[in-house]
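**Student:** Just passing along the structure, written as structure tokens.
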Amino acid sequence: MDLGIAGRRAAVAAGSAGLGLAVARSLAAAGVQVAICGRDAERVADAAGAHGLVGLVADVSTPEGATGFAHAARDALGGVDIVVGNAGGPPGGGFDDFPDPRAYADAFALNALSTIALCQALVPDMRERGWGRVLAITSIAARQSSPHLILSTTARAGLTGFLKTLATQVAPDGVTVNSLQPGLHATDRLTALFGGDPAGVAATVPTGELGRPEDFGDVAAFVCSTQARFVTGSAILVDGGAYLGLQ
């Protein structure tokens, strides 16, 4: 399927591994020029070289680092039409595990302010050109609380509110703003949260299996497509049916 985005330019934060890399690969397969970033120079270089991407070393855990990546990607690509906000998840745990409120501030900087900074750096140019795609990778935790993910839930729910508000303001300018809420996917993050063999948690997913990063990437690429021009302000679950609510 031709997604109509060949020749567009994308910046994918934290795109050297996991779901970020999967999104970068799917966009590249659709003909998009893609810049990724990560903190580990060797990992970034390996991912970029293996998949025909532009690799940049940047730490998007702070607004300053995210802004730096945005500017570097714009310089490297000659502009950015698609921006994918993404960052590693904060530590797992519940209320009793984080007595210092600064833990929440750190999580918010990592999983909300970083994407907000990317939008502030890149969305004005999209609006001026009359076309753009903003996509954030958040989490099912932004919709369904977990006793083990209180930091992630707090930060990503806040980001979801920002994205919803932004979507209404930039829609007349041809810019869509959405987020994807992944459930359990076969990534290093899942191993870090559950340890050992994370495949054991697949039984909790209605489909009976963990999500495949490449499938997640293809969903992301479609949301960035020309065919998805009427999809904006949405928080889309990609979770194998794990979310059980009606809304």
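**Student:** Looking at A155, A103, A136, A141, can you tell me which residue is more than 26 Å from A35 (Cα to Cα), buried (at least 18 other Cβ atoms within 10 Å of the Cβ) and either modelled with pLDDT of 95 or more or not aromatic (F, W, Y) (or both)?
**Tutor:** Every option except A141 fails the conditions.
**Student:** Within the range 181-203, can one find any residue that is within 29 Å of M126 (Cα to Cα) and either surrounded by 15 or more Cβ atoms within 10 Å (Cβ to Cβ) or touching a Leu at 6+ places or on another chain (Cβ under 8 Å) (or both)?
**Tutor:** yes
**Student:** Answer yes or no as to whether A221 is of a type outside the set (K, R), touching a helix residue (DSSP H, G or I) at 6+ places or on another chain (Cβ under 7 Å) and buried (at least 23 other Cβ atoms within 10 Å of the Cβ).
**Tutor:** When the stated conditions are applied, A221 passes them.
**Student:** Which number in (1) more than 27 Å from G174 (Cα to Cα); (2) part of a helix (DSSP H, G or I); (3) touching a residue at least 12 places away in the same chain (Cβ under 8 Å) marks the one condition that A203 misses?
**Tutor:** With respect to (1) more than 27 Å from G174 (Cα to Cα); (2) part of a helix (DSSP H, G or I); (3) touching a residue at least 12 places away in the same chain (Cβ under 8 Å), A203 is out only on (3).
**Student:** Further, regarding this structure: For V83, which of the numbered conditions (1) farther than 19 Å from A28 by Cβ; (2) surrounded by 22 or more Cβ atoms within 10 Å (Cβ to Cβ); (3) among the hydrophobic types (A, V, I, L, M, F, W, C) fails to hold?
**Tutor:** Among (1) farther than 19 Å from A28 by Cβ; (2) surrounded by 22 or more Cβ atoms within 10 Å (Cβ to Cβ); (3) among the hydrophobic types (A, V, I, L, M, F, W, C), the lone unmet condition for V83 is (1).
**Student:** For the range 232-247, which residues satisfy the criterion of being out of contact with any Phe, Trp or Tyr (no Cβ under 9 Å at 6 or more places or on another chain), modelled with pLDDT of 95 or more and hydrophobic (A, V, I, L, M, F, W, C)?
**Tutor:** A235, I236
**Student:** For the range 43-54, check the following and say yes or no: at least one residue is closer than 21 Å to L118 by Cα, touching a residue at least 12 places away in the same chain (Cβ under 8 Å), basic (K, R) and surrounded by fewer than 24 Cβ atoms within 10 Å (Cβ to Cβ).
**Tutor:** no
The values are calculated or read from the model by the stated rules, or taken from the named source; none is laboratory data. Here the structure is a predicted model, which is why all the values come from computation and not from measurement. With ideal geometry, Cβ positions are generated from the backbone for all residues, glycine too; neighbour counts draw on all protein chains shown.
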